[in-house]
Each structure stands twice: as C-alpha cells, then as structure tokens.
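**Q** This is the structure I have questions about; it appears just below.
FYI, it's all coordinate maths here, none of it is from the lab. Owing to the predicted nature of the structure, the values given are computational and were not obtained by experimental measurement. Don't worry about glycine lacking a Cβ; one is built from the backbone with ideal geometry, like all the others, and counts go over all protein chains shown.
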Amino acid sequence: MLEHATMITADTDRGAAVVLGATLTLDRPAAEVTRAVLRATAHGVYEARVNGRAVSEDVLAPGWSSYEWRLQVQEYDVTALLTDRTDTAEVEVLLGNGWWRGGLGFTGLKLDYGSALGFIGELEVTYRDGGTQLLATGPHWNARLSSVVENSLYDGVRIVAGGEKGSSLDVTTVDFDRSVLVPQVKPAIRRHETVRPERIWTSADGKTLVDFGQNLVGWIRLRASGPAGTEITVRHAEVLEHGELATRPLRGARATDTFVLSGGDDVFEPTLTFHGFRYAEITGYPAPLTPDALEAVVVHSAIPRTGTFECSNPLVNRLVENSVWGQRGNFLDLPTDCPQRDERLGWTGDIAAYAATACYQFDCADVLHGWLLDLAAETEHGGHVPFVVPNVLKFIPGEARAKVAHMLVPTAIWGDAAVWVPEALWWAYGDRDRLAAHYPAMVRHLASVEARISPSGLWDEGFQFGDWLDPTAPADRPWESKADGGVVATACLYRSASFAADTASELCRPQEARRWRDLADRTREAFLKHYVHDDGTIFSDAQTVYALAIHFGLLEGDQRQAAGDRLAVLVAEAGHRVATGFAGTPFLTWALADTGHIDDAYRLLLQKEGPSWLHAVTLGATTIWERWDSMLPDGTVNAGEMTSFNHYALGAVVDWLYKTVAGIRPAEPGYTRLLLQPTPGPGLDWARGALDTPHGRVECGWRREEGAGGAIRIDVDVRVPEGIEADVVLADGSRRTVTGGTHSFRTTVSPSPQVRTIS
C-alpha cells in the first residue's frame, strides 16, 4: 500500500498549516482517462484538492487512530476532476496538526505523537488502453505556507485571508514504516448540517453574543467584508454564566478562532479544528452582526441515524434528543468523553456504559469496530486495556507518570469496554467475523484481571474508578462513591467473563469457553459469599450495587427479588432521585423493571428534581451533562474541575426507553429474531419507537387509556420486517408470535400494573 510513495513534510513550526503540491503531466488527453484514484494519509490532518476542487466532502482526514500500529489510508475516485483539464492533474494538500501534534491531554500535559507532520499519497491515473501513470509523494513536491497560520484542535485557528500563496518551503522526507498502513474502516468525518443563530445580542459590557440554540460540535462559518487586516475573534462555550461565556469548563482549551480580513468579501471556515459550543462571542466584526453572516456547521463521523423514540412527555423526548446530540458530538471519528475542553479522548469507560444506546441511535458498526481494532492494538502492546483509546496517555513524561503509576492498572468498566462494546455490536449487528476480531482483546483484558483477583475470588484490590460521578461523592473526589469499588468490579468481571464464554462458544472454542465460564462461576460464587447477606442486602447498600447484581444476573429467585425490593426502597427513600454514577446509571431502571417495580422505574425516569435525568432538561440542557449538577439551579456552573455539558454516559438510560418502554429488543444477535415487549407505566399516555435493523425496519408502540371501573386498555402496534419472526409480549404477560408485516393487539389490565419483563 502506497509502496511507491514517500512520506514528506515541510514543517515550519507547530502553528502554521502548510500546502504540499505537485503536478502530473498526462501522457494522453483527459478524455482518455477511465479512472483516477488518490490514495493518501497523514501524520496530522489533511484536505486534498485535484485541479482546484476538493476530492471529497471529508474533513479532518485521516482521523485519529493508534498511529504506531494502525494508520488508515483513504481512497478517493477523482476521475471527474480531470475532465476539465487536457494535459495536467494538479494535486494540492493542506496539512495541519490534527491529533498527531495536537498538544493532547489535560492539565497542561500537551502530549504529541511526533514533532513533525507528514503526508503520504499517490495519484494513479488509468487510461482507456490500459496504461497507467503515477504521481507519488517525494522530495520533488513543492510546499508553501497556507493562510492558516495557527491551528490546534483545542485552541482553534488563525486564518489570514489572502495568504493562500504564502512563502515557499523546503520539502523533506520522513522516515516511515509502511507496515502500519491499513485500509480505512471507520466512516469519514463530514459536515452534516448547518444551524443558524437563534439570537444575537449585545451584553451589558458591550460584547456581541450569539446563541445557536443547540449545544453542538463543529465550527462557525463566517462571512465578512471590511478593511484589510481587520481581526475578528470568535470564542466558543457551551453555556453562559452571569450573562457571559462560561469558559472555565474549557480548562486549558482556548477554543478561539481568529480571522484576518483581506479587504474583499471573505468567507472563513476553520476546518482544521473543532469546538463544542452553543454560544459564541464575536469581537472585531466590522459591521453590525446579522444572522445571515454566520452559521454553525455540525461535524461528526458519517453515521446514519437508525433509531427513534417519542412519547407523550415532551421532556422525555428532549432527553432522548439530548442523548442523540451528545452522541453526534462525541462520535467525531471515535467515541470520546467530551468535545470541548482540553481532553476529548477516547475514554473507554464512557463508551462501555453507552455502547448499547449508541448502536440503537446510529449505525455504529464501522466506527466502533475501527475503534476496537485500536483498542486491541493498544492492549496487545500495553498489557491491559488503557483508560483511553488511542492511548495518548502513554506519552505522559516520566516524573508526571510516576505520580499516577498506581492508577495505570486494569480497571472495571473502563477495561470492560473490551468486552461490553463488542457485546453491544454483536447484539445490534450479529457480525460473527467482527466478533472473532474483537475476541483477542477480551482475552487479554480478562487475563490481566485474573492476575489481580484476590485470594477471596473478588476483584477488590488496586485502583478503581468505581461508580464514577455518583452524585453523593465529593465534587473533587468523584471515585469515592457509596457503592463499594470491589462490589462494582467483581460484578463487572462476572458480566465480562460470561460474555467471553458465550463468545468462545459462538466461535467454536470449547476449551476457552470452559475457561471463561469457570471464571464467571467462581466470581459469582465469591460475590454471593462475601457481598450478599442472608436478607438479600448487598454490601454498601447503594442503588448501584443492586442494579449491577440484578441486571448482570448474579442473583436468582428469591434473592434476586429481595434485591429488587431493596433497590425500590432505596429509590423511594431518595425521593425517586438518581444516586448512581457511570457504573449504575445504565442499569438502574432495568433492574427496577425486571424485578416488578415498573412504577418506581417510571417515577425515577420522570423525576424533575435533581439528581435526575429530566432535571438538566428543565434547566435548558440540549445535550447530556457530565455531572448531574453540571449547572446549578441558580445558573452558575459547578465549581468542579470536570464540568462538561456534552458527556453522553449518563444518557445511557435511553437504551431502557428504546428496549423496555418502546420494547424493541433483539431476541437473537443482529435482530434475526425480535422480542417486542412494550412496557407501559404511570406518567406516559403513549410511546413508540422505530429501528432500522440489518433486516429492515422495526416499529413498536403503545397507547394506554383508562376505561370503566379503572381498568386500563393498552393498544399495541408493531411492524416486523419480512422474513423475520417476533415474539410480542403484552402488558398482561401473554405472548404472541408474529412474522413480517404490521400487527395490532389490545389488552386490558388493572390500574398501575407491576409488569415483570420476560427475558
């Protein structure tokens, strides 16, 4: 791959982006060209043009991967770009820092993969007679400075209009190992829509502020005319505080773009950066700012929307849309924690909690598969699943690394992403070959944990994130949750070992299946012995420990029901407010519903007082917040150092809306068979969901009405793809089996039925 090309660079300093170029003189007229293909990739990010026209709609290519072992190569058909030239193909590439030289990390780490950028590519032209020509990168290419004189993902860009023909630079070659080149797997990053300002106003201190009405990820496209040299500065933030941009949550990220006018009519679009924002502050604009002068460009990976949900409560509908927008912003080439501050890393714990939700809302098959290939590479070389993938934290320098060395160990949930994300993909898409590709990382994760199990059979030693961001934990010590870390970790180990056993069986590896089943059985036995008391209570007696024990299947029979009853008591004692963090939140309503406490699950869902999912909605949230109280009721921002307003993990509850409230579940991997089990509850009059599965569209919805004598009539409508069989479970517990087409059912139940779901 790219065997005839050499990686080249024309570095000046870490700020400026450069333009690399070369011209191919065609052997034959352009009319004789049958195909022209550009193959390329970079250390950094690039935008390529042929004969002055963009080769694709992609931005920020090639994205971010574990560069040391996997660098994705893009291939673009550029045949149509040669038809307007008779004798040449001129290639130009804008090369910027991207993630390669991004100053990544947090708290001033400023971690880079390398000091020099690089581009490698080739243009292959094929003629009607079978002849070919090749233009490959090498020292004969030319280079110059671009109009982008500063570029940083965290800090923003500075663009000087009219600077497109900058000073020429020397081109040099870069040592490069071609063995890391791989075909592109993940979908490209692209612009998806534009959002116009909802409001433009002048603050009390004379600043021009803009509200786009939606917390989004991308950049602002700005049009301006004015004297040459005029500087316009655009600062970004997710929320306002005291009438000004709340920039403190950005920490070290400047999130500022500066545009210098040419003296003519300029259009600026900062495509070598991205920001997470709803609000902007614009200074230096040479005329009154009007809505037609700017628009927000929404940017993320090209993942099609697949699942929807709506119900009779508009706040719940907004919660679902907040989850959708949170995923869009944080699926910019890989699943990140947040898109705005000096972090934006592929934290494994966040996607472990959210993967099932993600795979309902969007087609995540390729983006998560590509990310898991990076996870496998990092795990193979690092010995255990790192906290972030790609693992830029391995570049933390010696002294700083020594201070956190005790934390850089296998951890539950974060490490379990090696198992839980493939599990979500397996149930969503049923791709056996990809399951096999993900299995080795499962093995390495479990093997790394096996070495840390204590003599008691528990995973109760060493650092754990635990129930991260439990609302009862101190703001500056988010790992100090009420749920015991050993209980959380041991429960997670049981789940992961169980799915690894199922995977080994699916892959016809019986000996390995026995190994992981034995580990799961030993872990369960130790959990029951040391953590579960005779009365069914679980050590540390927190919402999270019951949610995990119930939903992961550690308990059975009366013991399981006792735990469910105790969980319902804890939820009621908390005033039906959430008391869980990253570990417990995705499974809390599941555990309540699965033990017959559907009323409590609904009351928890519909609670508007914090901590709750709808509390943020009532305060105007348009994405999921990192903390239950990222913003306080008085409009001030949480004083903690981690206060993101676009962090999808706590939005994992919407998976329960999709699969329990609307009731759309896979009975077999990839939805080859369906379980449609809509579960009405108090507080909603109707709900419906739809999902585009690999076999076609599925729909399921219900409506409840009170009849004579207080009885409740529930009408259910379903749509099943042709050739697919579905088990429909109704509110009275009856089960019907249907095949492709639309079907309707009616049942009558007593008021507020405590429906126990069928697994």
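**Q** How far, in degrees from 0 to 90, does helix 510-531 lean away from the longest principal axis of the Cα atoms of the chain, to the nearest 10?
**A** 60
**Q** Cα axis of helix 365-382 to longest principal axis of the chain: angle in degrees, 0 to 90, nearest 10?
**A** Around 90 degrees separate the two axes.
**Q** Going through the stretch 250-303, which trypsin sites (Lys or Arg not before Pro) have at most 16 other Cβ atoms within 10 Å and a DSSP loop state?
**A** R254
**Q** Any idea what the dipole of the chain comes to, in debye rounded to 20, about its Cα centre with Lys/Arg Cβ at +1 and Asp/Glu Cβ at -1?
**A** The calculated dipole for the chain is roughly 540 debye.
**Q** Counting other C-beta atoms within 10 Å, and keeping those with at most 11, which DSSP coil chymotrypsin sites (Phe, Trp or Tyr not before Pro) do you find in the stretch 169-219?
**A** none
**Q** Same structure again: Going by how many other beta carbons lie within 10 Å of each one, how would you line up T537, T107, fewest first?
**A** Ascending Cβ contact count within 10 Å gives the list T107, T537.
**Q** Hey, can you grab everything whose amide H is under 5 Å from the amide H of F362? Only 5+ residues off in sequence or another chain; H modelled, so Pro and N-termini drop out.
**A** Hits under the 5 Å cutoff: T306, G307.
**Q** What's the exposure ranking of C311, C492, going from fewest to most Cβ atoms within 10 Å?
**A** Listed from fewest to most nearby Cβ atoms, that is C311, C492.
**Q** Can you tell me how much longer the chain between D27 and D685 gets when fully stretched, taken as 0.36 nm per residue apart minus their C-alpha distance, in nm with one decimal?
**A** 229.8 nm
**Q** Given the rule -39500 (n - 2.57) for each run of at least 4 DSSP H residues, summed and divided by the residues of the chain, what is its mean residue ellipticity at 222 nm, to the nearest 500 deg cm²/dmol?
**A** Dividing the helical sum by the residues of the chain leaves -7500 deg cm²/dmol.
**Q** Rounded, prolate or oblate, given the Cα gyration tensor of the stretch 307-661, with a/c below 1.5 counting as rounded?
**A** Taking the square roots of the gyration eigenvalues as a ≥ b ≥ c, the stretch 307-661 is rounded.
**Q** Arranged from highest to lowest average of other beta-carbon atoms within 10 Å per residue, in what order do the peptides 233-245, 478-490, 446-458, 342-354 appear?
**A** Packing order, densest peptide first, comes out as 342-354, 478-490, 233-245, 446-458.
**Q** So how much slack lies between E90 and D175, counting 0.36 nm per residue of separation and subtracting their Cα-Cα distance, in nm?
**A** In short, 28.1 nm is gained.
**Q** Suppose R0 equals 41 Å. What FRET efficiency, 1/(1 + (r/R0)^6) with r the Cβ-Cβ distance, do T79 and C508 give to the nearest 0.05?
**A** After rounding, the FRET efficiency stands at 0.35.
**Q** Give me the log10 of I(q) over I(0) for the stretch 160-230 at q = 0.13, 0.18, 0.22, 0.27 Å⁻¹, as the Debye formula computes it from C-alpha points; what are the numbers?
**A** Results for the stretch 160-230 at q = 0.13, 0.18, 0.22, 0.27 Å⁻¹ read -0.84, -1.03, -1.15, -1.25.
**Q** So, one more: Can you work out ³J(HN,Hα) from phi for every residue in the stretch 156-163, in order, using Karplus 6.51 cos²θ - 1.76 cosθ + 1.60 and θ = phi - 60°, giving whole Hz and x for Gly and Pro?
**A** x, 10, 10, 10, 9, 4, x, x
**Q** I want the local charge near T693. Using Cβ-Cβ distances under 14 Å, sum +1 for each Lys or Arg and -1 for each Asp or Glu among the other residues.
**A** Result for the neighbourhood of T693: -1.
**Q** In the stretch 51-90, which GluC sites (Glu not before Pro) fall in coil by DSSP and have 12 or fewer other Cβ atoms within 10 Å?
**A** When the GluC sites (Glu not before Pro) of the stretch 51-90 are filtered for loop state and at most 12 Cβ neighbours within 10 Å, E57 remain.
**Q** Tally Lys and Arg at +1 and Asp and Glu at -1 over the other residues with C-beta under 15 Å from the C-beta of A5: what net charge comes out?
**A** Charge balance in the 15 Å sphere: -4.
**Q** Could you give me the ³J(HN,Hα) list for the stretch 388-398, computed from phi with Karplus coefficients 6.51, -1.76, 1.60 and θ = phi - 60°, whole Hz, x at Gly and Pro?
**A** With the stated coefficients, the stretch 388-398 comes to 10, 9, x, 8, 5, 5, 5, 8, 4, x, x Hz.
**Q** Give me a comma-separated list of calculated 3J(HN,Hα) values for the stretch 407-421, in order, Karplus coefficients 6.51, -1.76, 1.60 applied at θ = phi - 60°, integers in Hz, x for any Gly or Pro.
**A** Working through the residues one at a time gives 8, 7, 9, x, 10, 6, 6, 4, x, 5, 4, 4, 10, 6, 5 Hz.
**Q** For helix 557-573, report the angle its Cα long axis makes with the longest principal axis of the Cα atoms of the chain; keep it between 0 and 90° and round to the nearest 10°.
**A** Once rounded, the angle reads 70 degrees.
**Q** Would you please give the FRET efficiency between T742 and F539, computed as 1/(1 + (r/R0)^6) with r the Cβ-Cβ distance and R0 = 51 Å, to the nearest 0.05?
**A** That gives a FRET efficiency of 0.55.
**Q** Tell me the label-point distance for the pair V404, Q561, using the 7 Å Cα-to-Cβ offset, in nm and rounded to one decimal.
**A** My value for the distance between the label points is 4.8 nm.
**Q** Where does each of M407, M1, M631 land when they are ranked from fewest to most other beta-carbon atoms within 10 angstrom?
**A** In order of increasing Cβ crowding within 10 Å: M407, M1, M631.
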